[in-house]
Amino acid sequence: MDKDVVMRDITIVRLIPDSDHVDTVASWTFAEWGHLHPGSTADSYREAFRRECGEGGVPSVFVAMHGNRPVGTAALLAEDMDSRPELTPWLASVFVLPEWRGQGIAARLIRRVEEEAVDSGFSQFYLYTPDQQGLYRRLGWQELEELSYRGEAVTIMLRQLEA
């Protein structure tokens, strides 16, 4: 599949709470990160996810669409790491379906969330990742701190934004 053709066919849209795609996208994020939220169920996670689908600013969820099919997601949240409540806002839940990876979709989702943060008046924001530091470094993020979060070794990263 030609990467340029695919990227022209990908659109990044805001996910709204009553979208037909909320259940699908919430199931991806629950499968990927549900273990970090002890006591949550697929249903409770989906309802929390639906509340993150704001109309603009924080919180917001974006989805990469190929036609009418979601293939990736990313979010802008007020809080993503309860042990670091002083840090806000957060890039969170960056996920691309395995068969769509390696085509620049995650980078486009991340850039869209960065635009939302700037438009909301933020000059910096944060993320944490156990294993994607290289991707974020290439996109201008800086490593801030390494720590254990809920039993997983992660790196908190910072992105300075220009308004």
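The values are calculated or read from the model by the stated rules, or taken from the named source; none is laboratory data. The model shown is predicted, which means the values in this text are computed figures rather than measured ones. Methodologically, a virtual Cβ is constructed for each residue, glycine included, from the backbone with ideal geometry; neighbour enumeration extends over all protein chains shown. Areas reflect the complete protein model, heavy atoms only, side chains present, ligands, DNA and RNA absent. Shrake-Rupley method; radii C 1.70, N 1.55, O 1.52, S 1.80 Å.
For the reader, a short list of remarks on this structure follows.
- Each residue in region 54-92 was checked for being under 11 Å from GLU116 (Cβ atoms) and polar (S, T, N, Q), and 1 of them qualify.
- Pairs are defined by a Cβ separation below 7 Å, a sequence spacing of at least 6 or placement on different chains, a first member in region 126-138 that is at pLDDT below 95, and a second member that is among the basic types (Lys, Arg); no pair meets this definition.
- Test for GLU143: is it in contact (Cβ under 8 Å) with a residue 12 or more places away in the chain and among the acidic types (Asp, Glu): yes
- Residue that is modelled with the lowest pLDDT, among those in region 1-15 that are more than 14 Å from the chain's Cα centre (by Cα) and open to solvent by less than 80 Å² (accessible area, probe 1.4 Å): VAL5
- Boolean, SER60 is among the small types (Gly, Ala, Ser), farther than 25 Å from SER148 by Cβ and open to solvent by 50 Å² or more (accessible area, probe 1.4 Å): no
- Test for PRO70: is it in contact with a helix residue (DSSP H, G or I) (Cβ under 6 Å, 6 or more places away or on another chain), open to solvent by 50 Å² or more (accessible area, probe 1.4 Å), in contact (Cβ under 8 Å) with a residue 24 or more places away in the chain and of a type outside the set (Phe, Trp, Tyr): no
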